[in-house]
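Each remark here refers to the structure printed beneath this line.
The values are calculated or read from the model by the stated rules, or taken from the named source; none is laboratory data. All figures in this text were calculated on a predicted structure; none of them were measured in a lab. Ideal geometry is used to build each Cβ from the backbone, glycine not excepted, and the neighbour counts take in all protein chains shown.
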Amino acid sequence: MKFSPETYRIPDEAMKPFIDAKELWEYLERPKPSSAQVRKIIGKSLDKQRLSLAETADLLNADDPELIEAIKAGARTLKERIYGNRIVLFAPLYIGNKCVNNCTYCGFRTSNKDQQRTTLSDAQITREVEALEDNGQKRLILVYGEHPEYDADFIAHTVKTVYKVKKGNGEIRRVNINAAPLDVEGFRKVKHAGIGTYQVFQETYHPESYARYHPSGPKHDFNWRLTSLDRAMEGGIDDLGIGALFGLYDWRYEVLALIRHTNHFEAVYNIGPHTISFPRIKSAAGVDVSDEYLVDDADFLRLIAILRLAVPYTGMILTAREPVAVRKEAMRYGVSQIDGGTKLELGSYSRSKNALQNLNREQFEINDPRSLNEIIDELLEDGYLPSFCTGCYRVGRTGEHFMEFSVPGFIKRYCTPNAMLTLSEYLLDYAPEDTAQKGWKVIENNLAGIEDKKVGKEVRRRLERIRNGERDLFF
Ligand code: SAM
Ligand code: SF4
């Protein structure tokens, strides 16, 4: 049966618990794989086939340094083959930090009485979005605590408010949200407000640990959160982002659970999640997370490489929680989206001064405080193609449609040309002269690499139209 978000109803079997800790541990406790087995699994992935749970567990269990290197090399090759050199940029915009939950790792938890609570008014949202547009941003993710004030109507209203803000050539073309789980009706409302991706992280997929880290509030309910993306599907949102917060429980278990969650989507809806996130715990006001499960940089890069191999077609997001060097390295293994110019303090994008972080006004510490332009500049120097593309979502290439097209040819036909077009807008409207020079060179190099002459000619024509003042041209 063809999936149609408007008519879809969740089949009963989808609502059966699909995360079974015992089952996942059984996979992880299998004997270590041989070198030949690991290389065969990497080969399967390089053939762009999804890996099974057992195969992913084998990669997680391969801890011989030589095999870890082989896994990382495989992820690098796959990234180059599928995603090329394109990196999509976005920024988070915190709308409100009131919260009724008590997540022990989060600065916004209700028991943290030192946290200054703010909800942006429409006027403040407008000011923030204008400042973000002035920097060249085109894609935002709105972030909310969980609070009765932040219901579906409120979220929908803030999304619409953001879309309305246009300054000069600036506009936000895609608004994603990271918000607490809603019911089906609530998801329908935010879908109609025009959201792109609905993102929610399970934090930890280990039920007992989950209960400990979320001692009270609606978030205490593991299954309500786990099934939120199924309700989002029923509400018509087929563009979903999953994630786990690394540092709460065994990282190998969490990776396997993310793959299990992905399998659930593919089995029930015939589409996978659009993105996977893998934030690591960072310092936050009054937070004391036990270091038993903290993930070091080496394991972190290893897990990114394994995720890349396990789900070759899913976007992978890495945020400014991570320091510059880790972000740089992670991009080689398959990260396809990063944030730039990130500020977490509510209302701080429109303040001109770049103040130091104050954790009594923010959720956690960030470690890449660079401006959007500094990040773009470095991406260009490293040969990446920074992109603000929002094409697919705007012509309806999401969900199953996106999956059908998710082949390297698709990236060549749509993503790379759209990356060049959106980068050219940035270079003309926002970049300082030296960044612009680097950017046009990167665009020229990428134009030269387009194999299909007809596509190349059309991209050149559109770049010329953008130089002549047109905006928002996409394939
Ligand atoms: N309140 C919503 C919820 O819980 O789903 C929105 C999420 S919160 C504003 C965004 C994400 O930040 C959380 O899902 C969590 O994974 C992450 N987070 C919370 N505390 C963190 C910390 N100390 N370090 C890094 N990430 C953290
Ligand atoms: Fe609230 Fe989300 Fe922070 Fe938990 S992670 S305390 S729900 S803002």
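What is the number of the single condition among (1) within 11 Å of ligand 1 (Cβ to nearest atom); (2) out of contact with any Cys (no Cβ under 6 Å at 6 or more places or on another chain); (3) under 30 Å from MET331 (Cβ atoms) that GLU80 does not meet?
Tallying (1) within 11 Å of ligand 1 (Cβ to nearest atom); (2) out of contact with any Cys (no Cβ under 6 Å at 6 or more places or on another chain); (3) under 30 Å from MET331 (Cβ atoms), GLU80 fails exactly one: (1).
Quick check: is even one residue across the range 140-155 more than 16 Å from ligand 1 (Cβ to nearest atom) and either in contact (Cβ under 8 Å) with a residue 24 or more places away in the chain or crowded, with 17+ Cβ neighbours inside 10 Å (or both)?
Yes, the range 140-155 contains at least one residue that is more than 16 Å from ligand 1 (Cβ to nearest atom) and either in contact (Cβ under 8 Å) with a residue 24 or more places away in the chain or crowded, with 17+ Cβ neighbours inside 10 Å (or both).
Can you tell me which residue in the range 167-183 is farthest from the chain's Cα centre (by Cα), limited to those that are closer than 21 Å to TYR393 by Cβ and among the hydrophobic types (A, V, I, L, M, F, W, C)?
Taking the candidates together, the pick is LEU182.
Looking only at the range 177-188, count every residue that is over 10 Å from GLY236 (Cβ atoms) and out of contact with any Leu (no Cβ under 6 Å at 6 or more places or on another chain) and tell me the total. Show your work before the answer.
Quick first cut of the range 177-188, residues over 10 Å from GLY236 (Cβ atoms) only: 177-183, 185-186.
Okay, now just the ones that are also out of contact with any Leu (no Cβ under 6 Å at 6 or more places or on another chain), so 178-183, 185-186.
Number of matching residues: 8.
Considering only residues of the range 156-184 that are crowded, with 21+ Cβ neighbours inside 10 Å and assigned to a loop (DSSP other than H, G, I, E, B), which is nearest to ligand 2 (Cβ to nearest atom)?
ALA180
Report yes if GLY347 is away from ligand 2 (no atom under 16 Å from the Cβ), closer than 21 Å to GLU128 by Cβ and outside the structural domain of CYS415 (by TED's automatic domain parsing), otherwise no. It would help to see each step written out before you state the result.
On the way: away from ligand 2 (no atom under 16 Å from the Cβ): yes; closer than 21 Å to GLU128 by Cβ: yes; outside the structural domain of CYS415 (by TED's automatic domain parsing): yes.
Taking the combined requirement at face value, the residue satisfies it.
Quick one: how many residues across the range 299-346 are out of contact with any helix residue (DSSP H, G or I) (no Cβ under 8 Å at 6 or more places or on another chain), of a type in the set (Val, Ile, Thr) and assigned to a loop (DSSP other than H, G, I, E, B)?
Number satisfying all stated conditions: 2.
Does the range 283-298 contain any residue that is surrounded by 18 or more Cβ atoms within 10 Å (Cβ to Cβ), out of contact with any helix residue (DSSP H, G or I) (no Cβ under 6 Å at 6 or more places or on another chain) and closer than 22 Å to TYR198 by Cβ?
No: zero hits.
Considering each residue of the range 213-252, count those that are under 18 Å from VAL100 (Cα atoms), of a type in the set (D, E, K, R) and away from ligand 1 (no atom under 11 Å from the Cβ), and give that number.
1
Kindly evaluate PHE187 against the criterion of being at pLDDT 95 or above, in the same structural domain as LEU89 (by TED's automatic domain parsing) and within 16 Å of ligand 2 (Cβ to nearest atom).
Spelling it out, it is not the case that PHE187 is at pLDDT 95 or above, in the same structural domain as LEU89 (by TED's automatic domain parsing) and within 16 Å of ligand 2 (Cβ to nearest atom).
The rows are residues; the columns are (1) within 19 Å of the chain's Cα centre (by Cα); (2) away from ligand 1 (no atom under 16 Å from the Cβ).
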position	(1), (2)
GLU329	yes, yes
TYR333	yes, yes
ILE338	yes, no
THR342	yes, no
LEU346	no, no
ARG351	no, yes
PHE364	yes, no
ASN367	yes, no
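Which number in (1) within 16 Å of ligand 2 (Cβ to nearest atom); (2) at pLDDT below 95; (3) of a type in the set (A, V, I, L, M, F, W, C) marks the one condition that PHE265 misses?
(1)
How many residues are of a type outside the set (A, V, I, L, M, F, W, C) and away from ligand 2 (no atom under 16 Å from the Cβ) when one looks only at the range 270-321? Spell out how you get there, then give the answer.
Initially, the range 270-321 is screened for residues of a type outside the set (A, V, I, L, M, F, W, C), giving 270, 272-275, 277, 279-280, 282-283, 286, 288, 290-293, 296-297, 299, 302, 308, 312-315, 319, 321.
With away from ligand 2 (no atom under 16 Å from the Cβ) added as a condition, the list becomes 270, 272-275, 290-293, 296-297, 299, 302, 308, 312-315.
The total comes to 18.
With THR110, THR126 as the choices, which residue is within 29 Å of PRO432 (Cβ to Cβ) and either within 16 Å of ligand 2 (Cβ to nearest atom) or surrounded by fewer than 20 Cβ atoms within 10 Å (Cβ to Cβ) (or both)? Before you say what the answer is, go through the steps one by one.
Working: THR110 fails: within 29 Å of PRO432 (Cβ to Cβ).
Sole residue among the options that is within 29 Å of PRO432 (Cβ to Cβ) and either within 16 Å of ligand 2 (Cβ to nearest atom) or surrounded by fewer than 20 Cβ atoms within 10 Å (Cβ to Cβ) (or both): THR126.
Report yes if some residue within the range 407-422 is at pLDDT 95 or above, part of a loop (DSSP other than H, G, I, E, B) and either assigned by TED's automatic domain parsing to the domain that holds THR314 or hydroxyl-bearing (Ser, Thr, Tyr) (or both); otherwise report no.
no
What is the number of the single condition among (1) buried (at least 20 other Cβ atoms within 10 Å of the Cβ); (2) within 16 Å of ligand 1 (Cβ to nearest atom); (3) in contact (Cβ under 8 Å) with a residue 60 or more places away in the chain that PHE278 does not meet?
Result: PHE278 fails condition (3) only.
If a residue must be within 13 Å of ligand 2 (Cβ to nearest atom) and touching a helix residue (DSSP H, G or I) at 6+ places or on another chain (Cβ under 7 Å), how many such residues does the range 79-99 contain?
Kept after step one, since they are within 13 Å of ligand 2 (Cβ to nearest atom), are these residues of the range 79-99: 92, 94-99.
Right, trim to touching a helix residue (DSSP H, G or I) at 6+ places or on another chain (Cβ under 7 Å) and you get 95.
Residues meeting the conditions: 1.
Any residue at all in the range 262-273 that's outside any loop (DSSP other than H, G, I, E, B), out of contact with any helix residue (DSSP H, G or I) (no Cβ under 8 Å at 6 or more places or on another chain) and within 16 Å of ligand 1 (Cβ to nearest atom)?
no
Got at least one residue in the range 63-86 being touching a strand residue (DSSP E or B) at 6+ places or on another chain (Cβ under 7 Å) and at pLDDT below 95?
Yes - at least one qualifying residue is present in the range 63-86.
Considering only the range 190-222, state which residues are within 16 Å of ligand 2 (Cβ to nearest atom) and among the polar types (S, T, N, Q). Quick ask: steps written out before the conclusion?
Filtering the range 190-222 for residues within 16 Å of ligand 2 (Cβ to nearest atom) gives 198-205, 209-222.
Within the range 190-222, GLN199, GLN202, THR204, SER209, SER216 meet the criteria.
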